[in-house]
There are 2 protein chains.
Amino acid sequence: MKIVITGGAGFLGRRLAKVLLEDSDVAQVILSDVSQLRAPSHDERLVLSQANLLDPGAAAAVVDGADVVFHLAAIVSGQAEADFDMGMSVNVDATRSLLEAARATGHCPRFVYASSLAVFGPPLPAVVDEQTAVHPQSSYGAQKAICELLVADYTRKAFVDGRVLRFPTVCVRPGTPNAAASSFVSGIIREPLHGEKAVCPVGRDHKLWLSSPAAVVENLIHAAWLRPDELGFERIINLPGITVTVGEMIASLERIAGKEVASRVVFGEDLKVQRIVCSWPSSFDVTRALRLGFSRDPDFDDLIMDFISDEKAEKNLKRP
Amino acid sequence: MKIVITGGAGFLGRRLAKVLLEDSDVAQVILSDVSQLRAPSHDERLVLSQANLLDPGAAAAVVDGADVVFHLAAIVSGQAEADFDMGMSVNVDATRSLLEAARATGHCPRFVYASSLAVFGPPLPAVVDEQTAVHPQSSYGAQKAICELLVADYTRKAFVDGRVLRFPTVCVRPGTPNAAASSFVSGIIREPLHGEKAVCPVGRDHKLWLSSPAAVVENLIHAAWLRPDELGFERIINLPGITVTVGEMIASLERIAGKEVASRVVFGEDLKVQRIVCSWPSSFDVTRALRLGFSRDPDFDDLIMDFISDEKAEKNLKRP
């Protein structure tokens, strides 16, 4: 089985590749990205392919013979809001180019698309499900919603066998802050653990809908392995997550890492971030996803402990 | 005031132009189409512009200085289903090109977009409103839903001042059958009145959501004149319509034109048409549209009588 992961330079793509390679049925994993790639593990089955998916030839080369395509490549929310044209180009046009390449293979590959809770916005019902109308309040959300429609129609036409996953905000992400409006969500946990201050742009009572990187990766793979008849013709799935307030996140951090660490979170309003993040829902009915076998994190403490143990493992690997 | 109408060779575009020109505040109406145009009336303020909106230069020339753009140009449902690539090109890419041209004017013109009930599909609630998630079951519906998201985001970014109208099936259309899956809806009234047989591809109990051409044109103009503060930030509107069954339509025809005329409707299943048309909802809650002042036809008899008097007027005009 040959698997393609776009956005392969990103942390989720790398992590997904590593987990996929634990499966001996996987013959090849192609990590593709427009940026320079580093192999996430030493494995002969891993191929790095630096390519701009906007180029039809490059897209065709990437998906050639692929059984499964995980399309994770995207411009994040803050950047798509700041540069509308770049967002359209990367988030919409490159997705369409990849879908066209997948269609041209003629064998209807599985196409797992990483969408986002950012497709939703006010007016919101008390609890969001798959029957809730999307009202994106960011260009990122609009672009993701457009691609959801594309993947659904390409699936209906049997050009690809699509599965659209609406991600909760992924927390705790490793690394450094990025241009996502939700970057602070990981920042207020990660930076204090690293001995640094972190500014929280929303209030203590602000509710978030979160998933650990581990659960998201597990759910991406689960989505790819589901049979078409298990999914039926409705291919858009709100992934499970947990609802927590910023205050509860900081309380978790204090429980696990102590008062001093938790005190490194300071509050500082940022209207630009608030405008985007406060339009996202925090309460979902994910009955359908759970029935389909998708995973949910137990609680927020678990997300922090996952992050701490991931970082330890990473450090041990880097030792000579 | 300068007004642009795309799809200006179509019957709705021509009719809209005629009604707009009754208003002395309208300085210019540009009828644009990729097909050859005929002037719907003799008026110095009318400009015919044959242009392919996919060409950015042509799109820019069409919207140059426009205060209002009515974007009606589209490939109809049956054709978009038969030729996916042409549907994407005309229904999505040309809309985007026009939106980009409107954005480039720098003065945020009003942009009235003709969407359709075809964005909806099963699973459907008993009554559809603006909070109902779209589930297009045709490429036409998917393409319309994509453009709704584009117009909404271009509006949020203040690139255009958008208004999206989801049309009911327009009935009775004059002329000849076209490639729309809903072509029969006008056909089963129009053809019998012209002394011809008409084949109905769906059953007698099939429910439809209809609007007369007159109401749609009135509503297009109403949408353009509404102030941004009257609309608020939600720019997608399900237009009012009436719910009727095919059986009720034929009963109306018999009431108005007699038994012999009504007997010219015959039934003949067409699965291709059914697959599309039967996915559309027939019951809407249009409280919001009515509150905003949009119009609704009184009943189906009225739609037939409208059509008969329109045809009479047209014939009288054509007499030497």
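Each value in this text was obtained by applying a stated rule to the coordinates, not by laboratory testing. Everything numeric here is computed off the predicted structure, so don't read it as measured data. Positions of Cβ are backbone-derived with ideal geometry, glycine not excepted, and every protein chain shown enters the neighbour counts.
Find the all-direction average of the projected area of the Cα convex hull for region A:19-70, expressing the result in square nanometres with one decimal place. Can you show the working numbers first?
Details: hull surface 15.2 nm².
Average projection, Cα convex hull of region A:19-70: 3.8 nm².
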With runs of 4+ DSSP H residues as the only contributors, calculate the mean residue ellipticity of chain A at 222 nm using -39,500 (n - 2.57) per run, divided by the residue total and rounded to the nearest 500.
-12000 deg cm²/dmol
Relative contact order computed over region B:2-318 (Cα-Cα under 8 Å; 6+ residues apart), in percent
16
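Normalised radius of gyration for the protein assembly as shown, please: alpha carbon Rg relative to 2.2 N^0.38 Å, two decimal places.
Values: Rg = 26.8 Å, N = 640, 2.2 N^0.38 = 25.6 Å.
Ratio of Cα Rg to 2.2 N^0.38 Å: 1.05.
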Percent antiparallel among DSSP beta bridges (both partners in chain B, rounded to 5)
10
Taking amide H positions as placed 1.01 Å from N in the peptide plane, with prolines and chain starts having none, which residues 5 or more places from A:Ala73, or on another chain, fall under 5 Å of its amide H?
A:Thr6, A:Gly7
Rounded to the nearest Å, what's the spacing between the alpha carbon centres of region B:203-233 and region B:12-33? Just the number, please.
18
What's the center-to-center distance, using Cα atoms, between region A:95-134 and region B:55-123 in Å?
22
Could you give me the ³J(HN,Hα) list for region B:256-269, computed from phi with Karplus coefficients 6.51, -1.76, 1.60 and θ = phi - 60°, whole Hz, x at Gly and Pro?
8, 10, x, 5, 4, 4, 5, 6, 6, 7, 10, 9, x, 3
Taking all pairs of distinct Cα atoms, average 1/r, flip it, and tell me the Kirkwood hydrodynamic radius of region B:1-151 in Å to one decimal place.
16.0
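Using DSSP loop states and a limit of at most 12 other Cβ atoms within 10 Å to flag GluC sites (Glu not before Pro), what is the longest stretch of chain B containing no flagged site?
In short, B:45-195.
Taking every residue in A:152-159, how many Cβ atoms of other protein chains lie within 10 Å of its Cβ, on average?
Values: counts 7, 13, 3, 0, 6, 4, 0, 1.
Counting Cβ atoms of other protein chains within 10 Å of each residue's Cβ and averaging gives 4.
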For A:Ser183, A:Ser115, B:Ser41, B:Ser32, ascending order of other Cβ atoms within 10 Å (fewest first) is B:Ser41, A:Ser183, A:Ser115, B:Ser32
First measure r as the distance between the Cβ atoms of A:Ser263 and A:Leu292, then evaluate 1/(1 + (r/R0)^6) with R0 = 25 Å and state the FRET efficiency to the nearest 0.05.
0.05
Projected-area average for region B:225-308 over all orientations - Cα convex hull basis, square nanometres
7.7
Give a quick list of trypsin sites (Lys or Arg not before Pro) in region A:189-225 that DSSP marks as loop, anything other than H, G, I, E or B, with at most 16 other Cβ atoms within 10 Å.
A:Lys197, A:Arg204
Quote the Stokes-Einstein diffusion coefficient, in whole µm² s⁻¹, for region B:2-318, based on the Kirkwood radius over alpha carbon pairs, a temperature of 25 °C and a viscosity of 0.890 mPa s.
124
With Cα atoms, 0 to 90° folded angle of helix B:183-193 axis to chain B main axis:
50
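Subtracting the Cα-Cα distance from 0.36 nm times the residue separation, let me have the gained length for A:Asp205 to A:Glu314 in nm, one decimal. Display every interim value, and only then the final one.
Numbers: separation 109, 0.36 × 109 = 39.24 nm, distance 3.31 nm.
Contour length minus the Cα-Cα distance gives 35.9 nm.
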